[in-house]
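Comments concern the structure below.
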Amino acid sequence: MGRAPRAGRLPGIRRWPPRRKKKDLDVPEMPSIPNPFPELCCSPFTSVLSADLFPKANSRKKQVIKVYSEDETSRALDVPSDITARDVCQLLILKNHYIDDHSWTLFEHLPHIGVERTIEDHELVIEVLSNWGIEEENKLYFRKNYAKYEFFKNPMYFFPEHMVSFATETNGEISPTQILQMFLSSSTYPEIHGFLHAKEQGKKSWKKIYFFLRRSGLYFSTKGTSKEPRHLQFFSEFGNSDIYVSLAGKKKHGAPTNYGFCFKPNKAGGPRDLKMLCAEEEQSRTCWVTAIRLLKYGMQLYQNYMHPYQGRSGCSSQSISPMRSISENSLVAMDFSGQKSRVIENPTEALSVAVEEGLAWRKKGCLRLGTHGSPTASSQSSATNMAIHRSQPWFHHKISRDEAQRLIIQQGLVD
């Protein structure tokens, strides 16, 4: 005979899980490892606590971005959220078999307002894209910018004497290198000043005003060239805005010259949010834009400039030749021009072959563009650039490979 069931319980039914004391529910305990059976856990906070144990798992979300080349061909890249502009450039250099000469740059192009800017190497690309409007047809361009850090090498070309003054009296002349060091210093700074054409807010008219660039922002004088505090009025700061170069200032904004630039807030905005300026000449605009970049980013720009050369002991930035991608370090330079192939042991000759290969890859892309019928605005721009190239002393049209190789070897590593 079987045993009789206990009073108060039904036969065949067991209570599971057992009852917990009330005080166990008051303070939830954080498990040392994720709970493999969340349905058995009675605390409503357990899922939150488990997710917080792995913050890095969700921080590197990937996103697809599209990057355009000069020939308007594009490439889609699946990149993490913390990728920088330099990382994107390195990725495209490897994928396109380009030569890394540290001049490849990512540009932010805003066609609806006709401006673009250099995305600094340390900037996060996804953050730049997050500031774009949904209906804006903005683009990222990947192309070379030889002048990106040229002011570190030849500062005398970027800071004319008539545009630079100092907050403290100095004995003797100040060299451009010292001016550059003052920009990077947190205690001293040079002052950039000069006339600029400014577009009045909400109007189509432009007004010529005397401007002063200081560490706290950009100011203009309400009385001629006076820099007295009571005559200075604030124009723009740099923390929450970026500086862009105008591509078609005369056509889109009625600017008096073609050397325009502007301040645009980081958030998405139209032409009304722009603070448009225009210089009389290219050197003046270059000085203003360079000084604003230095004041905004300071030592970070210098670190971006020096980064490609870190870890190369005993080498200066002037003596370093362009490096090929890491994946090609195991390859050797070969010459197939003769009847027999040979290994190129001369470093100078090997460099010239590498440069020629890089140019050949770019030429293939340009030829693909030329097969699509009617020329576009980009092809017309390329024609203009070609006309500029023809006027340069380093441009040689329709020469043989041997002659080009001789000229490159003769030139050496000088730019």
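The values are calculated or read from the model by the stated rules, or taken from the named source; none is laboratory data. In this text the structure is predicted, and so the values were computed from the model without any measurement. Neighbour counts run over all protein chains shown; Cβ positions are idealised from the backbone, glycine included. With ligands, DNA and RNA removed, areas are computed over all heavy atoms of the protein, side chains included. Shrake-Rupley method; radii C 1.70, N 1.55, O 1.52, S 1.80 Å.
If Lys and Arg each add +1 and Asp and Glu each add -1, what is the summed charge of the other residues whose beta carbon sits under 13 Å from the beta carbon of residue 238?
Computed value for this residue: +4.
Taking Rh as the Kirkwood radius computed over C-alpha pairs, what is the Stokes-Einstein D of segment 191-266 at 37 °C in a medium of viscosity 0.692 mPa s, expressed in µm² per second?
In µm²/s, the coefficient rounds to 247.
If the chain between residue 300 and residue 146 were fully stretched, how many nm would it gain, using 0.36 nm times the residue separation less the Cα-Cα distance?
In short, 53.6 nm is gained.
Work out the FRET efficiency for residue 96 and residue 64 from their Cβ-Cβ distance, taking R0 = 25 Å, and round it to the nearest 0.05.
0.90
With all protein chains present, calculate the accessible area of residue 273 using a 1.4 Å probe and round the result to the nearest 10 Å².
Accessible area, nearest 10 Å²: 60 Å².
Using Cα-Cα distances under 8 Å and only pairs 6 or more residues apart, what relative contact order does segment 150-283 have, in percent?
Result for segment 150-283 is 17 percent.
Which value, in Å² rounded to 10, gives the accessible area of residue 306 with a 1.4 Å probe and all protein chains present?
Around 60 Å² of this residue is reachable by solvent.
Which order do you get for 397, 109 if you rank them by accessible area with a 1.4 Å probe, largest at the top?
Reading off the accessible areas and sorting them downward yields 397, 109.
Which whole-Hz ³J(HN,Hα) couplings does segment 210-225 yield from phi under the Karplus relation 6.51 cos²θ - 1.76 cosθ + 1.60, θ = phi - 60°, glycine and proline marked x?
With the stated coefficients, segment 210-225 comes to 8, 10, 10, 9, 10, 4, 7, x, 9, 10, 9, 8, 8, 9, x, 10 Hz.
Specify whether the C-alpha gyration tensor of segment 60-146 places it in the rounded, prolate or oblate class, a ≥ b ≥ c being the square roots of the eigenvalues: rounded for a/c under 1.5, otherwise prolate if a/b is larger than b/c and oblate if not.
oblate
Could you report the accessible area of residue 86 in Å², rounded to 10, computed with a 1.4 Å probe on the protein chains as they sit in the structure?
40
Could you work out how far apart the two model spin labels at residue 401 and residue 251 are, taking each label as a point 7 Å from the Cα in the direction of the beta carbon, and quote it in nm?
4.0
Could you tell me what percent of the accessible area of segment 60-146 is made up of carbon and sulfur, with a 1.4 Å probe and every protein chain present?
Summing carbon and sulfur atoms, their accessible area is 47 percent of the total for segment 60-146.
Anything over 22 Å Cα to Cα? Flag those among 144/275; 227/250; 199/223; 66/153; 139/203; 139/296, in the order listed.
144/275; 227/250; 66/153; 139/203; 139/296
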